Amino acid sequence: MIAYIIIIVVVAVLLVGVGSTMFLRPRGMHGVRRSRNGQLDMTGSMPAVKDADSDTESGGGTTTATAPPPQRTAEPSAPPAPTRPTLEKPPPSAGRMVRLRARLARSQSGFGTALLGLLSRERLDDDTWDEIEEVLITADVGVTPARQMVADLRTKVKVEGTRTPDDVREMLRAELLSGVETSASRALRTQRHEGRPAVILVVGVNGTGKTTTVGKLARSLVGDGQTVVLGAADTFRAAAADQLQTWGERVGAETIRSDKDQADPASVAFDAVSAGIEQEADVVLIDTAGRLHTKNDLMDELGKVKRVVEKRTAVDEVLLVLDATTGQNGLRQARVFAEVVDVSGIVLTKLDGTAKGGIVIAVQRELGVPVKLVGLGEGPDDLAPFDPVAFVDAILGG
C-alpha cells in the first residue's frame, strides 16, 4: 500500500515538473528548429504577423518591419520646343542674273563654243551647216527653230562675206537674242491692287523643284521689301507643307496649311488668299500639288484650285515650273498645263546643270509665254529674273 502511495507521489511530482516547464517556455521559440546535429537552426522563418496600422508583415519579436516607401517614377519631361530657323534678310533680286552669269556660262559654254567653232571654219559647206543645226537641236532649241536659225545664219554669212571671229560671234549673238526675245512682258505682277494682294499660283510636275521655287521666290520678294503669305496647297505630298513652312519661317512669311493629311487643296488655297487679304500682305504664293500631266482627274483638281481662289480674288500669275534637263518632255508638260490653267510665265529650274539652254527658245515659241525666272543653283538665292542679254552672253562666254 505504501509502495502504491510512493508511486503516485512520484508520478504527480513528474507531471507537475513537466507542466511547469511547458508553461514557462518562451513563446518566441515557436518555430525554432534543430538541425540534424542537434544545434538550433536560426535560419527558419518566423510566423508573419500583421501590423495593426499597416498592411506590412513583420516577424516575431517586438520590432515591426516597415515597407520601403514606394519608388516615385520620374515624370516624363516635356519635349523641347522646336527651334525656329533664324530669321534671315535676303538680298534684293536686282542683278541676280548678272551675278550668276559666270555659273551659267560654265554649264552652257559647250553649246556656245561648239557653234562658234563651226561658224569660224574657212569653208562652210552643207555638212557644216548640218552640224550647226544638230548642235542647236541637241541644246533643245527644237527642230523648227533650229532650222530657222540656220537658214538666217547662212543668209547673213553669204551677204556679209567676211567671217572674222568677232563677226561670227556677233552674228550668232544676234541670232540667239532673236530666238530668246519675246514681246511678252517678263515682269512678275507682284504689286497690291484694288486693296488686295497679288496672287501667284505655282504649278508643275513632281520633281521639277516646284516647292523649292516657291520658297526661293518668297525670299526674293521679301528681299525686295514685300510681305508674303504662303499657301501650302500641295496636300498630297506629306513633306511639302513642312518644307514650305521652313522656307517661310526663315524670312518671316506666314504659311497657311491644313492639319489634315490630303486635305482639299482648293480649301487651303482659299484660306491662304483670305489670310493675305486680312493681313494686307503684298503677295500670296500658292504651292500646288505636283500634278502628273497624264492624270486627267488631278489636272481637273488643279483647275478647281484656280476657280475657288478666283471666288475671293483674281489670280495675277500662273507660273509653270519646268526642269530644264527634261527637254522635249518638258514641252509636252507645258502644253497640257496651258490647257488647264492660263499659264502666264515659265520658271526654268536646274539650268545650271545642263548645256541645253535652248529650251528657253523652244518653250517660248511653243506656248507664246515668256520665261520669267530661272534657277541657277541649289543655293537659297539662286533664283533670278530671266535676263535675255545676260543669258546669251553667258552661252557665248562673254
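General observations
- Within the set LEU320, LEU348, the sole residue that is modelled with pLDDT of 90 or more, under 21 Å from VAL284 (Cβ atoms) and surrounded by 19 or more Cβ atoms within 10 Å (Cβ to Cβ) turns out to be LEU320.
- In the stretch 204-234, the qualifying residues are those that are in a helix (DSSP H, G or I) and open to solvent by 30 Å² or more (accessible area, probe 1.4 Å), and the one that is farthest from ILE346 (Cα to Cα) is VAL222.
- Looking only at the stretch 147-176, and only at residues there that are over 11 Å from SER120 (Cβ atoms) and touching a residue at least 60 places away in the same chain (Cβ under 8 Å), the one that is surrounded by the most Cβ atoms within 10 Å (Cβ to Cβ): LEU176
- Across the stretch 329-362, the number of residues qualifying as among the hydrophobic types (A, V, I, L, M, F, W, C) and in a loop (DSSP other than H, G, I, E, B) comes to 3.
- Residues of the stretch 259-304 that are at pLDDT below 85, over 21 Å from the mean Cα position of the chain (by Cα) and assigned to a loop (DSSP other than H, G, I, E, B): HIS293, THR294, LYS295.
- Search result, residues across the stretch 235-257 that are assigned to a loop (DSSP other than H, G, I, E, B) and within 18 Å of LYS306 (Cβ to Cβ): THR235, PHE236
- Verdict on VAL283 being touching a strand residue (DSSP E or B) at 6+ places or on another chain (Cβ under 9 Å), within 19 Å of ASP316 (Cα to Cα) and open to solvent by less than 10 Å² (accessible area, probe 1.4 Å): yes
- Odd one out for GLY379 among (1) surrounded by fewer than 20 Cβ atoms within 10 Å (Cβ to Cβ); (2) farther than 23 Å from MET97 by Cα: (2)
- Boolean, VAL374 is open to solvent by 50 Å² or more (accessible area, probe 1.4 Å), in contact with a Leu (Cβ under 8 Å, 6 or more places away or on another chain) and either assigned to a strand (DSSP E or B) or hydrophobic (A, V, I, L, M, F, W, C) (or both): no
- Some residue of the stretch 222-238 being closer than 29 Å to ARG335 by Cα, of a type in the set (S, T, N, Q) and more than 17 Å from the chain's Cα centre (by Cα): no
- Residues satisfying the stated conditions in the stretch 248-268, i.e. open to solvent by 10 Å² or more (accessible area, probe 1.4 Å) and in contact (Cβ under 8 Å) with a residue 40 or more places away in the chain: GLU249, ARG250, VAL251, GLY252, SER267
- Considering VAL228, VAL202, the condition of being within 26 Å of THR325 (Cα to Cα), modelled with pLDDT of 95 or more and out of contact with any Gly (no Cβ under 7 Å at 6 or more places or on another chain) is satisfied by VAL202 alone.
The values are calculated or read from the model by the stated rules, or taken from the named source; none is laboratory data. Since this is a predicted model, take the numbers as computed values, not measurements. A quick note on method: Cβ atoms are made from the backbone with ideal geometry, for glycine too, and the neighbour counts reach across all protein chains shown. For accessibility, only protein heavy atoms count, side chains too; no ligands or nucleic acids. Shrake-Rupley method; radii C 1.70, N 1.55, O 1.52, S 1.80 Å.
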